[in-house]
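Structure record follows, encoded as structure tokens.
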Amino acid sequence: MAFDLGMIKAVYAGMAERVNAARTKVGRPLTLTEKILYAHLYEGPATGAHERGQSYVDFAPDRVAMQDATAQMALLQFMQAGKPQAAVPSTVHCDHLIQARIGADQDLQDAYDENKEVYDFLASVSNKYGIGFWKPGAGIIHQVVLENYAFPGGMMIGTDSHTPNAGGLGMIAIGVGGADAVDVMAGMPWELKFPKVIGVKLTGKLNGWTSPKDVILKVAGILTVKGGTGAIVEYFGEGAESMSCTGKGTICNMGAEIGATTSVFSYDNSMREYLRATNRDEVVELADEVAEHLRADNEVYADPAAFYDQLIEIDLSTLEPHVNGPFTPDAAWPISQFAAVVKEHNWPAKLEVGLIGSCTNSSYEDLTRAASIAEQAVSKKLVAQAEFTITPGSEMVRYTTARDGLLDTFAQMGGVVLANACGPCIGQWARHTDDPTRRNSIITSFNRNFAKRNDGNPNTHAFVASPEIVTAFAIAGDLTFNPLVDKLVNSDGQEVMLDEPKGIELPTQGFAVEDAGYVAPAEDGSSVEVVVDPKSDRLQLLEGFKPWEGTDLKGLRLLIKAQGKCTTDHISMAGPWLKYRGHLDNISNNMLIGAINAFNGESNKVYNDMTRGYDTVPATARTYKAAGIGTVVVGDENYGEGSSREHAAMEPRHLGVRAVIVKSFARIHETNLKKQGMLGLTFANKADYDLIEENDSIDILGLENFTPGQPLKVVLTHKDGSQDAFMVNHTYNEGQIEWFKAGSALNLIRLQQK
Ligand code: MIC
Ligand code: SF4
């Protein structure tokens with residue numbers, strides 16, 4: 001059995017006492033979010049109330065999940081922490097490094113050959129430290145977690161921003177950087193600012209073409225990519241109860257796209273059924289005993305506006321299918337308006353590829369609904385006009401859908417089944433295109449659609465929608481097609497319409513799988529050796545970053561002033577660079593190469609004062625570093641949105657950047673910067689961003705008295721000798737200031753070990 005029943009029992013055993021203590025301290029009815037969080041305080045039952053959006057709180061999550069692209073750095077750090085075993089149940093999932101080229105079997109074999117060194121490393125570290133290992137091909141982390149580990153009322157962290165997917169099973173599941181995973185695996189408290197709680201009340205019932213995906217596409221339109229920052233989104237209402245558990249997972253998964261800390265649903269029948277279908281009847285029995293603690297107090301549901309920081313209401317009965325994009329997941333368009341919007345913006349209307357599946361949307365229900373559309377391509381003699389791919393989220397889903405004939409249905413429509421892995425979702429896609437300079441459109445059932453994300457091509461306009469809408473679009477090959485009202489012409493020249501999708505929530509014959517792909521760790525791993533070849537270009541043992549020198553930072557140079565959207569994909573691109581996720585020096589060659597330089601509007605071309613010319617960002621950083629000169633990165637709003645990859649913080653730290661000063665940060669990235677001993681600062685007055693000139697020398701003052709809540713001062717000396725000064729804010733608490741002083745959080749753990 002892969003899941004840890006003993007741990008779940010222990011969590012539930014303490015639940016009543018902890019929830020009651022919290023209710024007493026807080027002095028009012030509790031939301032579900034608060035119940036789960038208070039039930040996981042590191043200190044035990046609450047001894048006081050925590051202010052939402054204000055207090056930093058220490059938590060004790062129940063488990064940790066890591067995917068191969070982030071696990072390398074997480075585990076390289078964990079190896080330095082000096083612990084014999086992971087303190088909580090933890091797993092590694094090999095999903096990100098598999099390239100989608102031809103189809104599942106060949107691609108998986110190639111991945112084994114190309115990534116052997118990394119897989120061997122991950123397998124042996126896992127074996128040594130008591131960590132469960134899911135082999136390449138087993139599936140995508142979030143799907144595998146939902147199928148095996150997530151449980152109502154639990155709390156987990158994962159080194160991937162879509163970890164919140166487990167909220168579909170009522171778990172508080174939060175995406176973090178690898179250094180946070182190290183804290184939890186080392187048995188230390190894990191710190192988080194107590195989140196605000198946004199309530200989303202779902203009334204009515206989904207029908208026709210509308211699916212759970214459309215709920216989150218709609219919410220993304222309302223809240224935008226930063227509207228969820230610092231908050232947990234709690235869904236409730238009759239509409240929530242009428243949705244499948246996996247549908248809830250989809251909604252929670254994509255909460256990452258609005259910057260939410262996580263999203264969660266309360267325990268209900270759909271979760272019971274899903275747990276049973278995935279062989280976890282014992283969990284149902286246990287959860288039923290504490291069911292009252294796995295939902296908000298009745299008073300909250302009776303008067304939600306009084307208990308949530310923000311309340312949104314969506315009527316599922318009237319919700320339309322949505323298509324979001326291009327280039328950002330919060331550009332939300334109801335299907336009835338989409339065709340007009342496509343024309344108005346002159347986006348390429350011809351659809352070249354439709355891609356379904358991924359961690360977001362590859363449940364049995366999703367695939368049956370999409371297959372019910374694909375089937376009609378054949379029965380109604382329609383020839384699919386776009387390429388079509390299917391990425392199953394796990395081997396269990398793949399095996400079951402193959403058994404039930406769904407994959408054959410897709411194949412008849414011309415679909416290609418890819419490996420159970422991230423593939424095209426993360427740029428691991430060898431897309432076959434005759435002309436990459438052509439502006440073109442694709443549509444996916446994934447979650448992110450930043451420029452270049454899927455195929456590395458800036459000319460690709462990527463849209464996201466539900467799997468059934470993607471399938472209908474792939475058949476039509478045209479973004480101005482609305483399957484709800486438009487007809488298509490078939491190969492007999494007749495006009496036909498697609499019927500509404502029909503899905504099956506859970507397989508009537510049950511899920512099945514031959515080899516799920518799990519490898520249990522050794523009981524005692526102390527004699528397992530982990531070898532890293534010093535000559536490897538994929539893996540590099542870490543050296544600790546230097547501690548703070550104890551003085552203000554003076555004479556720093558501006559490395560880049562980034563303008564506009566600067567996601568973790570801009571800071572540390574994925575795709576071809578995933579290869580170097582275990583080698584800090586090599587991956588640093590992608591640092592900020594996608595960010596737009598505010599002074600020339602170009603990417604990867606910044607002024608280098610050492611050579612008095614323009615150069616790439618990494619090369620410029622390296623020349624300053626070699627000369628012992630620290631640098632500063634300046635950024636815009638929501639800097640670092642997107643992924644949890646801590647490489648986006650470690651690379652600048654490694655290449656000598658001392659501070660990142662921005663208008664606002666995305667949560668995970670800000671924490672990652674702090675953990676790596678970097679200064680992450682925000683303009684007290686956002687307009688001061690404009691004061692920064694290309695040739696500036698920068699001083700950061702006030703560090704000797706670096707104190708929580710006290711702003712620091714920045715002095716700019718411009719090329720002509722004139723100066724400007726302004727204040728910058730920070731959110732460092734006492735403990736985080738110690739990370740800065742020690743050079744990184746990990747340095748501090750090592751000091752404490754000694
Ligand atoms: C993503 O969806 O962007 C990723 C790839 O899963 C990342 C993690 C990574 O960069 O390895 C994420 O979302 O955290
Ligand atoms: Fe993988 Fe894409 Fe899901 Fe990230 S969002 S875990 S890359 S499938």
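The values are calculated or read from the model by the stated rules, or taken from the named source; none is laboratory data. Quick caveat, the model's predicted, so the values are computed rather than measured. Note that each Cβ is placed from the backbone with ideal geometry, even for glycine, and that neighbours are counted across all protein chains shown.
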Given region 614-678, what helices (runs of 4 or more DSSP H) lie entirely inside it while holding 3 or more residues that are away from ligand 2 (no atom under 16 Å from the Cβ), within 21 Å of Asp696 (Cα to Cα) and touching a residue at least 12 places away in the same chain (Cβ under 8 Å)?
617-626
Condition (residue is modelled with pLDDT of 95 or more and more than 16 Å from ligand 1 (Cβ to nearest atom)) applied to region 636-648: is it met by at least one residue?
yes
From Asp404, Asp366, which residue is surrounded by fewer than 21 Cβ atoms within 10 Å (Cβ to Cβ) and of a type outside the set (A, V, I, L, M, F, W, C)?
Asp404
Confirm whether Ile98 is β-branched (Val, Ile, Thr) and within 15 Å of ligand 1 (Cβ to nearest atom).
yes
Return the residues of region 700-743 that are out of contact with any Ser or Thr (no Cβ under 6 Å at 6 or more places or on another chain), farther than 29 Å from Asp58 by Cβ and hydroxyl-bearing (Ser, Thr, Tyr); say none if nothing qualifies.
Ser722
Can you spot a residue in region 271-283 that is among the small types (Gly, Ala, Ser), in a loop (DSSP other than H, G, I, E, B) and either surrounded by 14 or more Cβ atoms within 10 Å (Cβ to Cβ) or in contact (Cβ under 8 Å) with a residue 12 or more places away in the chain (or both)?
no
Can you tell me which residue within region 147-170, out of those that are under 22 Å from Ala520 (Cβ atoms), more than 15 Å from ligand 1 (Cβ to nearest atom) and in contact (Cβ under 8 Å) with a residue 40 or more places away in the chain, is surrounded by the fewest Cβ atoms within 10 Å (Cβ to Cβ)?
Asn148
Considering region 444-470 alone, what residues qualify as being over 18 Å from the mean Cα position of the chain (by Cα), away from ligand 2 (no atom under 15 Å from the Cβ) and among the hydrophobic types (A, V, I, L, M, F, W, C)?
Ile469
Give, as residue ranges, the helices (runs of 4 or more DSSP H) completely inside region 56-161 that count at least 1 residues that are of a type in the set (Phe, Trp, Tyr).
68-80, 104-114, 116-129
Test each condition in (1) surrounded by 24 or more Cβ atoms within 10 Å (Cβ to Cβ); (2) within 15 Å of Phe545 (Cα to Cα) for Leu679 and report the one that comes out false.
(1)
Restricting attention to region 620-647, the residues that are buried (at least 24 other Cβ atoms within 10 Å of the Cβ) and closer than 18 Å to Lys546 by Cα number exactly 4
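For region 223-264, enumerate the residues that are assigned to a helix (DSSP H, G or I) and away from ligand 2 (no atom under 16 Å from the Cβ).
Of everything in region 223-264, those that are assigned to a helix (DSSP H, G or I) and away from ligand 2 (no atom under 16 Å from the Cβ) turn out to be Leu223, Glu238, Gly239, Ala240, Glu241, Cys245, Gly247, Lys248.
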For Ala598, are the conditions met, namely being within 16 Å of ligand 1 (Cβ to nearest atom) and either at pLDDT 95 or above or crowded, with 19+ Cβ neighbours inside 10 Å (or both)?
no
